[in-house]
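Notes for the one structure printed next.
The values are calculated or read from the model by the stated rules, or taken from the named source; none is laboratory data. Computed from a predicted structure; not experimentally measured. With ideal geometry, Cβ positions are generated from the backbone for all residues, glycine too; neighbour counts draw on all protein chains shown.
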Amino acid sequence: MKHKKALFLFHRDCRLDDNTGLIRALGGSGTVVPGFVFDPRQTGRHPYKSDNALQFLVASLKELDGELRERGSRLYLFFGETEKVVAGLLRAEGLDAVYFNRDYTPFSRSRDEAVAEVCREQGAACVPCGDALLNEPEEVAKADGGPYTVFTPFFRAARSIAARPPRKNGFANFFSGSIKAEAGEDVFGRVAGEQNDRLYRKGGRREALGILRKLGRLKDYETTRDRPALEGTTGLSPHNKFGTVSVRDVHRAVTRRLGRGHPVIRQLYWRDFFCHVAVHFERVFGRPFHAVYERLPWRDDPDRFRRWREGTTGFPIVDAGMRQLDETGFMHNRVRMVCASFLVKDLHIDWREGERHFATRLEDYDPAVNNGNWQWVASTGCDAAPYFRIFNPWLQQKRYDPEAAYIKRWVPELRAMEPGLIHRLDRLEGKRPGGYPAPIVDHAAESVRALGMYRQARSGG
């Protein structure tokens, strides 16, 4: 046995089965302390904190604790800066190794480097493992060794690497004693924000496995995934973020039930792509990937930004999406693109403001994916939509919500109105139903302005 007593730190991998680092720790150690650290740098007040995501995480950790108790252990909870907690545990508990699965955001990478330094100082092994992605960032490279910045060739290269099969965890050599530094279960109450009883998904592995069992309903995914009134997507995004099931679990389930060529597989690789970009080009957090767009003259308009956030823009599909996000911590992917495009190319407000707002509301908030999607819509990122692609909210709602069922669900002021009228509200004269506001901008005019902004930035003006 390589190590006598190891610590395994859960991060975004709330499961026992197919948990790469955990299984490796259990197989290489006499006993393993399964621990989770609530780090105040993440759970405290900061501009990107999502109470909805934290609520999902806490529910997932509670279920994980129950699974560990079935194996004679429990989830050991700690509070503090991760590297300081680890330093104390190494000294007090006689640990000779620390295992964890890699994460890819700037904070996560600096945290993990600090943990590795603490381990070096105290003579303990530090064992980071690849787990959250189908392929690690170092595993997919161009012929010259550089990273891909265009998705299609990345997809071809990444897909040529066989996905590892999921692995069951049959180990039971978990630590079961007491640890003085434990924070106790009351830490859940200390870190939890306001509870949302309308959250889109419940945390925990049971729900995720139930979703995987029902993937057969997505046989018409190509035609239903863009219809926000339907349950036409997997609904797995928060489970993917917090790892209640592994990406390999999802890949295998989709392949078996729907086929290797199913478009959900492509979505899994988009997730990998954005994470790889975040590792190789850390500047994307806070800056456009394409530096030319640093020159875009964004509008500082707090009132219009507030109306976008609150869903009172007078554009029904935008307002429906923003209200859904505010209430449930979720927004349909097609609608996310429409809402993001509207903020950037109709209101001319900096995409980073929208990225930050989504971060504070999304239950599935993943920094790399959120950033990648915002930069895609804003035309500033890797393999982004061309700058002249501007989503027309009126055409989008007519095409993808023709009966206005999604709109009526989230914008009750319009429930009594015929769908055809809802799709022509921009041409409606006079008083509007239920006090619903008139459109705050003219889409056609603002599209012309957006094109001018982007052309000027690209020309160096």
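The residues on offer are ALA444, ALA438, and the sole one that is part of a helix (DSSP H, G or I), assigned by TED's automatic domain parsing to the domain that holds VAL335 and under 24 Å from HIS348 (Cβ atoms) is ALA444.
Contact annotation: residue pairs with Cβ atoms under 9 Å, 6 or more positions apart or on different chains, pairing a residue in the range 59-87 that is farther than 14 Å from ALA181 by Cα and touching a residue at least 40 places away in the same chain (Cβ under 8 Å) with a partner that is buried (at least 20 other Cβ atoms within 10 Å of the Cβ) and of a type in the set (Val, Ile, Thr), are SER60/THR244; GLU63/THR244; LEU64/THR244; SER73/VAL32; SER73/VAL33.
Can you report the number of residues in the range 1-30 which are within 11 Å of ASP96 (Cα to Cα), touching a Ser or Thr at 6+ places or on another chain (Cβ under 6 Å) and crowded, with 24+ Cβ neighbours inside 10 Å? Quick ask: steps written out before the conclusion?
Residues of the range 1-30 that are within 11 Å of ASP96 (Cα to Cα), as a first pass: 2-7, 29-30.
Filter again for touching a Ser or Thr at 6+ places or on another chain (Cβ under 6 Å), leaving 3, 5-6.
Filter again for crowded, with 24+ Cβ neighbours inside 10 Å, leaving 6.
So the answer is 1.
Scanning the range 277-295 for residues that are under 18 Å from the mean Cα position of the chain (by Cα) and among the small types (Gly, Ala, Ser) yields ALA278, GLY286.
If you scan the range 330-372, which residues turn out to be within 17 Å of ILE317 (Cα to Cα) and not in a helix (DSSP H, G or I)? Correct list: PHE330, MET331, HIS332, LEU347.
Picking from residues in the range 153-165 that are free of Cβ contacts under 8 Å to residues at least 12 places away in the same chain and over 15 Å from ASP131 (Cα atoms), the one that is surrounded by the fewest Cβ atoms within 10 Å (Cβ to Cβ) is SER160. With the structure loaded, tell me whether VAL32 is hydrophobic (A, V, I, L, M, F, W, C) and within 20 Å of SER176 (Cα to Cα) or whether it fails that test. Taking the combined requirement at face value, the residue satisfies it.
When the range 182-206 is limited to residues that are hydrophobic (A, V, I, L, M, F, W, C) and part of a loop (DSSP other than H, G, I, E, B), the one that is farthest from ASN135 (Cα to Cα) turns out to be ALA183. Highlighted here are the helices (runs of 4 or more DSSP H) found entirely within the range 13-101 that include at least 3 residues which are within 27 Å of the chain's Cα centre (by Cα) and small (Gly, Ala, Ser): 51-70.
Quick check on the range 159-181. Is at least one of its residues part of a helix (DSSP H, G or I) and modelled with pLDDT of 95 or more? Yes, because at least one residue in the range 159-181 is part of a helix (DSSP H, G or I) and modelled with pLDDT of 95 or more.
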